[in-house]
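Chemist: Provided herewith is a single structure, encoded as structure tokens, for subsequent inquiry.
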Amino acid sequence: MPSERTVQQAIYHSLLTEKDAMDFYNTASEYVQNPDAKQMLELLAQEEREHAEWFHRICNEIDLDEFLELIESGPAPDSTWFSKLKEISDHSSDELEILQLALRQEKALEKELMAIAESANDPDVRQIYQANIESTRHHFEMIAEEYNRLKELLY
């Protein structure tokens, strides 16, 4: 059985998760043509960066220079978020397909975070993951709203 996450490990994991999502949304915004979808994806990327910055402020595992280098380093080679985006973007996908992927990624992240939160014995660790879950739900709702708006325009 995996060892119990410490508060600092939970914070660092959350920081990395936010960074993966930021890279995903930054890249996804380059693949869409619709200005509203593009703006929403750019907003999500900015929010993810702000969340990563918040986690950095309370994280003892990474100093400011390391954090800035990490944030500016581009997508991690092992990022599942980014690899799934690259799979569909190589096939000249449309905005709806990209937004569908974003919805799936946010839903999968919510499930992952819920499982971690439920298994955490430390209430502080659980609280960190609960905050991430709420943010993930908010992003899911934003994406769903834009997806539905675009779908109505296109069909």
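The values are calculated or read from the model by the stated rules, or taken from the named source; none is laboratory data. In this text the structure is predicted, and so the values were computed from the model without any measurement. Don't worry about glycine lacking a Cβ; one is built from the backbone with ideal geometry, like all the others, and counts go over all protein chains shown.
Chemist: If you scan segment 42-61, which residues turn out to be surrounded by fewer than 18 Cβ atoms within 10 Å (Cβ to Cβ) and assigned to a loop (DSSP other than H, G, I, E, B)? Steps first, answer last, please.
Modeler: Going residue by residue through segment 42-61, those that are surrounded by fewer than 18 Cβ atoms within 10 Å (Cβ to Cβ) are 42-43, 46, 50, 53-54, 57-58, 60-61.
Across segment 42-61, the qualifying residues are Asn60, Glu61.
Chemist: Right, here's the next one. List pairs: first residue in segment 10-21 and modelled with pLDDT of 90 or more, second residue hydroxyl-bearing (Ser, Thr, Tyr) and outside any helix (DSSP H, G or I) anywhere in the structure, Cβ distance under 9 angstrom, at least six positions apart or on different chains.
Modeler: From residues that are modelled with pLDDT of 90 or more, the pairs are Lys19/Ser73; Lys19/Ser79; Asp20/Ser79.
Chemist: Please work out which residue is surrounded by the most Cβ atoms within 10 Å (Cβ to Cβ), limiting yourself to segment 2-36 and to residues that are closer than 15 Å to Leu85 by Cβ and of a type in the set (Val, Ile, Thr). I'd like the intermediate steps shown before the answer.
Modeler: Of segment 2-36, the ones closer than 15 Å to Leu85 by Cβ are 19-32.
Of the ones still in play, those that are also of a type in the set (Val, Ile, Thr) are 27, 32.
Values: Thr27: 19, Val32: 22.
For segment 2-36, the residue satisfying everything is Val32.
Chemist: If the requirement is being in contact with a His (Cβ under 8 Å, 6 or more places away or on another chain), within 14 Å of Ala21 (Cβ to Cβ) and among the aliphatic types (A, V, I, L, M), which of these qualifies: Leu109, Leu44, Leu101? Step through it out loud before you land on a result.
Modeler: Values: Leu109 fails: in contact with a His (Cβ under 8 Å, 6 or more places away or on another chain); Leu101 fails: in contact with a His (Cβ under 8 Å, 6 or more places away or on another chain).
Result of the check over Leu109, Leu44, Leu101: Leu44.
Chemist: Here's a follow-up. Under 8 Å by Cβ, and 6 or more places apart or on different chains, what pairs join a residue from segment 63-92 that is basic (Lys, Arg) with one that is surrounded by 15 or more Cβ atoms within 10 Å (Cβ to Cβ) and at pLDDT 85 or above?
Modeler: So the pair list comes out as Lys84/Leu101; Lys84/Gln105.
Chemist: Could you check segment 102-140 and list, in sequence order, the residues that are within 19 Å of Ala37 (Cβ to Cβ) and out of contact with any helix residue (DSSP H, G or I) (no Cβ under 6 Å at 6 or more places or on another chain)?
Modeler: Of everything in segment 102-140, those that are within 19 Å of Ala37 (Cβ to Cβ) and out of contact with any helix residue (DSSP H, G or I) (no Cβ under 6 Å at 6 or more places or on another chain) turn out to be Arg104, Lys107, His138.
Chemist: Moving on to the next point. Which residue out of Gln105, Gln39, Gln127 is surrounded by fewer than 17 Cβ atoms within 10 Å (Cβ to Cβ) and under 26 Å from Glu145 (Cβ atoms)? Explain how you work it out, then say what you get.
Modeler: Numbers: Gln105 fails: surrounded by fewer than 17 Cβ atoms within 10 Å (Cβ to Cβ); Gln127 fails: under 26 Å from Glu145 (Cβ atoms).
Matching residue, one of Gln105, Gln39, Gln127: Gln39.
Chemist: Hey, another quick one. Hey, any hits in segment 27-39 for a residue that's among the aliphatic types (A, V, I, L, M) and either part of a loop (DSSP other than H, G, I, E, B) or without any contact (Cβ under 8 Å) to a residue 60 or more places away in the chain (or both)? Write out each step before concluding.
Modeler: Let us first name the residues in segment 27-39 that are among the aliphatic types (A, V, I, L, M), namely 28, 32, 37.
Applying the additional criterion that residues be either part of a loop (DSSP other than H, G, I, E, B) or without any contact (Cβ under 8 Å) to a residue 60 or more places away in the chain (or both) yields 32.
So far as segment 27-39 goes, yes, one or more of its residues are among the aliphatic types (A, V, I, L, M) and either part of a loop (DSSP other than H, G, I, E, B) or without any contact (Cβ under 8 Å) to a residue 60 or more places away in the chain (or both).
Chemist: Here's a follow-up. Can we say Trp81 is among the aromatic types (Phe, Trp, Tyr), surrounded by 13 or more Cβ atoms within 10 Å (Cβ to Cβ) and under 24 Å from Ala37 (Cβ atoms)?
Modeler: On the way: among the aromatic types (Phe, Trp, Tyr): yes; surrounded by 13 or more Cβ atoms within 10 Å (Cβ to Cβ): yes; under 24 Å from Ala37 (Cβ atoms): yes.
So Trp81 passes the test.
Chemist: On to the next question. Going by the conditions given, is Glu145 under 16 Å from the mean Cα position of the chain (by Cα), without any contact (Cβ under 8 Å) to a residue 12 or more places away in the chain and over 15 Å from Asn26 (Cα atoms)? Show your work before the answer.
Modeler: On the way: under 16 Å from the mean Cα position of the chain (by Cα): no; without any contact (Cβ under 8 Å) to a residue 12 or more places away in the chain: yes; over 15 Å from Asn26 (Cα atoms): yes.
Against the criterion (under 16 Å from the mean Cα position of the chain (by Cα), without any contact (Cβ under 8 Å) to a residue 12 or more places away in the chain and over 15 Å from Asn26 (Cα atoms)), Glu145 does not qualify.
Chemist: Kindly provide the set of residues from segment 115-136 that are in a helix (DSSP H, G or I), over 15 Å from Glu18 (Cβ atoms) and of a type in the set (D, E, K, R), ordered by number.
Modeler: Glu118, Asp124, Arg126
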